[in-house]
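Since the structure comes first, as structure tokens, the remarks are kept for the end.
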Amino acid sequence: MTTTAPSTSASRTADGTAASTGTGARPGRKRSRRTLTPGRRVPAGRLIGPAVVLALWAAGSAAGQLDPGAIPAPWTVARTAVRLWTEGTLPSDIATSLRRAALGFAIGLTAGVVLALASGLSRIGEALIDGTVQLNRAVPTLGLIPLFILWLGIGETFKIAIIAIVVYIPVYLNTHAALSGIDTRFVELAEVQGLSRPQFIRQVVIPGALPGFFVGLRLAVTGSWLGLVVLEQINATSGLGYLMFQAQNYGQTDIILVGLLIYGVFGLVSDSVVRLIERRVLSWRRTLSV
Amino acid sequence: MAPHTERLTRPAVRLRGLTRSFAGRTVLDGIDLDLPAGQFTALLGHSGSGKSTLLRAVAGLDHGVEGSGEISAPERVSVVFQDSRLLPWRRVLPNVLLGTDGKDAAERGRAALAEVGLAGRERAWPSELSGGEAQRAALARSLVREPELLLADEPFGALDALTKIRMHGLLRDLWQRHRPSVLLVTHDVDEALVLADRILVLDSGRIGLDLALDRPHPRSPRDPVLGACRERLLAALGVTEEAA
Ligand SMILES: Nc1ncnc2c1ncn2[C@@H]1O[C@H](COP(=O)(O)OP(=O)(O)OP(=O)(O)O)[C@@H](O)[C@H]1O
Ligand SMILES: [Mg+2]
């Protein structure tokens, strides 16, 4: 729903102005109601805030107001990024981090969806799965790290497993809630229309649960990055977090900032991709919010 | 010829001793009712008198309700609800075709949409339709299955007066063309008078009044014969009409 906000408010303002010029033919005071929406969007408005911050940062550094040891200048960070990319291990660190996140995410997503379907569509499945997952959810996943290290060793497997758990929980919870919260009016309709159970699931239950699934998916994306950052900074011998951890030991703030920026880019890109898919798949909802 | 005569002689819906109760409170109390095939019947009654309960029983939707009695209804039954109940994630044509398959299904769906005046709106989303259009789409969805029995529970209850009048004409036309048996639940006495050939009043769990109405169509609510019927219906409903 939030993704549709821009187009909605834009069209409303357009309507408003069209209406007030239309009534201009009538003499006297025209009363056009004031819109309660914040008004037209500023083009590329979201970029203005970050741009201001960047400008302040650059100005502060140029004026010598910022301690370069604590906050290096933007150009220093940029130079470091280029140097790390061309001479250092940055490409392979990024690849390692991405691989961990992607594998963990894929496994967690699959598990979340499969379990949600099994427990949302069958009573036996629900009895077996739902309570177990609720229990799992009560334990903060990052608290499982010591146990998983003992079980799986400190290698890649344990990191991927933790990320998968961080991912599967929100996917499961939201998808399961959406599957079991299907509107009874639609159940009744499906009965009246003589749908078979597979048809009912495919044509009514699953499409109806997709909005809930996407809520879970977006939480999962955020969660997977969070899990990655924590894991890589606690115990890793490669990857972005390791790079930053080492930089911390040598007081290389610029390298830490490069790492943070890359994490930020990961987060932004993945969130945009999910939003894009969501907007495509749930295109029917766009008209609902008008 | 044979199936035709059989349709005339055998009732489409046959209820014997139909009883339904919720938590020990009896809502339908031993209803006996025959609806002849092809008849347009309206069912009136107070709010809470059990009209929807009766309709849901005939539609086979009353799972888990205490009750007894015998129901026989045709194989192909369609239900029109008070809300259009279109699936918001399907465009209009797929909505109309919900539960209908076969290779000419799309063609039949288009034809049904054309019949209710929605030709060209096949690819619209339900949220883009007005209330009346959505209800017409729902009507097309129930028609496309060529029902022998059409059950409608206050299908026009949410529509404005003008749209309602046009929908009455449409429903009557469609009935004339396809001749399903119709059971229309409504609380609007005039709607029943304008549309139905038989009007039932549900009162205290039983059919309190069973009124045959043999007037030509299209009818005007100002028809004096209908006026007399209106008074009887209102009396059966316990309402006295002030002098008009
Ligand atoms: N699922 C249910 N559980 C408990 N009571 C119910 C249920 N469905 C209906 N009832 C009760 O049965 C009675 C009849 O309900 P019903 O919906 O059939 O009335 P109705 O004649 O359709 O009324 P209206 O004109 O308001 O739609 C009401 O008193 C209602 O409270
Ligand atoms: Mg009702």
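Sorted from largest down, give the three principal axis spans of the alpha carbons of chain A, whole angstrom values.
Sorted from largest, the Cα extents of chain A read 68, 68, 30 Å.
Using a Förster distance of 45 angstrom, determine the FRET efficiency expected from the C-beta separation of B:Ser72 and A:Arg279, and round it to 0.05.
0.35
Compare the peptides B:69-80, B:207-218 by average per-residue count of other Cβ atoms within 10 angstrom and give them in order, highest first.
B:69-80, B:207-218
Please state the Cα pair-distance histogram of the protein assembly as shown with 20 angstrom bins from zero: what percent is in each bin?
Histogram of Cα-Cα distances, whole percents per bin: 16, 35, 28, 15, 5, 0.
Once you have the Cα-Cα distance between A:Ile48 and A:Ser32, take 0.36 nm times their residue separation minus that, and quote the gain in nm to one decimal.
Extra length from A:Ile48 to A:Ser32 when fully extended: 2.6 nm.
Taking only DSSP H segments of four or more residues, each worth -39500 (n - 2.57), what value at 222 nm results for chain B once the sum is divided by all its residues, to the nearest 500 deg cm²/dmol?
-10500 deg cm²/dmol
Pick from B:Ala42, B:Ala23, B:Ala112 the residue whose mean-square fluctuation is largest in a GNM of chain B, springs joining Cα atoms under 10 Å.
Of B:Ala42, B:Ala23, B:Ala112, the Gaussian network model singles out B:Ala23 as fluctuating most.
Show me the helices of chain A, taken as full DSSP H stretches, that run 15 Å or more along their long axis by Cα and average -1.0 or above in Kyte-Doolittle hydropathy.
Those that clear 15 Å and a mean of -1.0 are A:5-22, A:48-62, A:74-86, A:90-121, A:123-138, A:156-180, A:206-234, A:253-281.
Over chain B, with a Gaussian network built from C-alpha contacts below 10 Å, which listed residue (B:Gln82, B:Gln176, B:Gln135) shows the highest mean-square fluctuation?
The residue that fluctuates most here is B:Gln176.
Just to make sure I understand: if all protein chains stay in place, what is the order of A:Tyr250, A:Tyr263, A:Tyr242 by accessible area at 1.4 Å, largest first?
Largest accessible area first, the residues go A:Tyr250, A:Tyr242, A:Tyr263.
Using Cα pairs under 8 angstrom and six or more residues apart, how large is the relative contact order of chain B, in percent?
Computed over chain B, the figure is 25 percent.
In degrees from 0 to 90, rounded to the nearest 10, what is the angle of the helix B:105-115 Cα long axis to the longest principal axis of chain B?
On a 0 to 90 degree scale, this one is about 60.
Averaged over its residues, how many other protein chain Cβ atoms are within 10 Å of peptide A:201-212's Cβ atoms?
That works out to 2 on average.
Which whole number gives the average count of other chain Cβ atoms within 10 Å of the Cβ atoms across peptide B:83-91?
Mean inter-chain Cβ contacts per residue within 10 Å come to 5.
With all protein chains present, calculate the accessible area of A:Thr86 using a 1.4 Å probe and round the result to the nearest 10 Å².
The accessible area of A:Thr86 comes to roughly 100 Å².
Would you calculate the separation in nanometres between label points at B:Val225 and B:Gln176, each defined as 7 Å from the Cα along the Cα-to-beta-carbon direction?
Taking the simple label geometry, B:Val225 and B:Gln176 are separated by 1.6 nm.
Add -39500 (n - 2.57) for each DSSP H run of 4 or more in chain A, then divide by its residues: what number comes out at 222 nm, to the nearest 500 deg cm²/dmol?
-24500 deg cm²/dmol
Whole number in Å², please: accessible area per residue of the range A:69-279, 1.4 Å probe, ligands, DNA and RNA not counted.
48
Just counting partner chain Cβ atoms within 10 Å, what average do the residues of peptide B:95-108 show around their Cβ?
Per residue, the number of nearby Cβ atoms from other chains is 2 on average.
If you count only protein heavy atoms and use a 1.4 Å probe, how large is the accessible surface of A:Phe213, to the nearest 10 Å²?
Its heavy atoms expose roughly 40 Å² to the probe.
Could you tell me the accessible area of B:Phe22 in Å² (1.4 Å probe, neighbours in place), rounded to the nearest ten?
Accessible surface of B:Phe22 is approximately 90 Å².
So, in nm, how far is label B:Ser130 from label A:Leu260 when the simple model puts each one 7 Å beyond its Cα toward the Cβ?
Spacing of the two 7 Å Cα→Cβ label points: 5.7 nm.
Relative to the longest principal axis of the C-alpha atoms of chain B, give the angle of the C-alpha long axis of helix B:131-143, reported between 0 and 90° and rounded to the nearest 10°.
With rounding to tens, the tilt is 90 degrees.
How high is the relative contact order of chain A? Use alpha-carbon pairs under 8 Å, at least six apart in sequence, and give a whole percent.
22
The values are calculated or read from the model by the stated rules, or taken from the named source; none is laboratory data. As the structure is a prediction and not an experimental result, all values here were calculated from the model. Note that each Cβ is placed from the backbone with ideal geometry, even for glycine, and that neighbours are counted across all protein chains shown. Side chains included, ligands, DNA and RNA excluded: accessible areas come from the protein's heavy atoms. Shrake-Rupley method; radii C 1.70, N 1.55, O 1.52, S 1.80 Å.
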